[in-house]
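First the structure, in the form of structure tokens, and then the observations on it.
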Amino acid sequence: MLTSTVSYDVPAIARTSKMSLEKFPNGQHLICTSQPPTNDEAISVTCFRFIKQGNRIKGYFYITRMSDSSICIDGNVKKNIVNGEAVYFIKYRNVALAERESSKFEEWGFNPRLRTSRARGILDPSGAENNNFIHYRKIILDLNGMKPYKERNPSTRYQVDCFPYSWMRR
């Protein structure tokens, strides 16, 4: 007798032989390296919560349990690779330290899945200390090996806007 070990938290698309983001339907999705933790679990998992429309993907790539590990991704997907740009919110004023005009890709933070290049600092023109960003004009996000999971509250709709202020695109 065969018994199923498929978790009900894993959508049907994940039960296919190999996941391909290109084949995901348009809409909201969540993929992670393993089961996302519940509120009381103290484990770190890499996740990508995104909206897919055609081959365009916009979302937040993050590590759970790390308050400053979220980066907004906007790009196009081919298989499980996203090429595009990203914006990272930072809380300190000296974003010039983060600027790198080099086209050489570097790992972002402690996560080898995301490689960034061509960084530029974006300062709030009002001088606000807590409203500064780093814009990576080129990124490669490798999502191979990640699995889709259902949202804990699937009725929640979210918006993704990597450039929420008009002054960010100068």
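Please find, within segment 80-98, the residue that is modelled with the lowest pLDDT out of those that are in a loop (DSSP other than H, G, I, E, B) and surrounded by 13 or more Cβ atoms within 10 Å (Cβ to Cβ). Show your work before the answer.
Going through segment 80-98, the residues in a loop (DSSP other than H, G, I, E, B) turn out to be 80, 91-94.
After this cut, where a residue has to be surrounded by 13 or more Cβ atoms within 10 Å (Cβ to Cβ) as well, the list is 80, 93.
Numbers: 80: 94, 93: 53.
Here the answer is 93.
Scan segment 137-166 for residues that are farther than 23 Å from residue 18 by Cβ and either in a strand (DSSP E or B) or not hydroxyl-bearing (Ser, Thr, Tyr) (or both) and the total you get is 13.
Once segment 144-160 is narrowed to residues that are within 30 Å of residue 124 (Cα to Cα) and surrounded by 11 or more Cβ atoms within 10 Å (Cβ to Cβ), the residue that is modelled with the highest pLDDT is 160. Restricting segment 100-120 to residues that are outside any strand (DSSP E or B) and either at pLDDT 80 or above or in contact with a Phe, Trp or Tyr (Cβ under 7 Å, 6 or more places away or on another chain) (or both) leaves a set whose member that is surrounded by the fewest Cβ atoms within 10 Å (Cβ to Cβ) is 104.
The values are calculated or read from the model by the stated rules, or taken from the named source; none is laboratory data. No experiment lies behind these values; they were computed from the predicted model shown. Please note: Cβ atoms are built from the backbone with ideal geometry, for glycine as well, and neighbour counts cover all protein chains shown.
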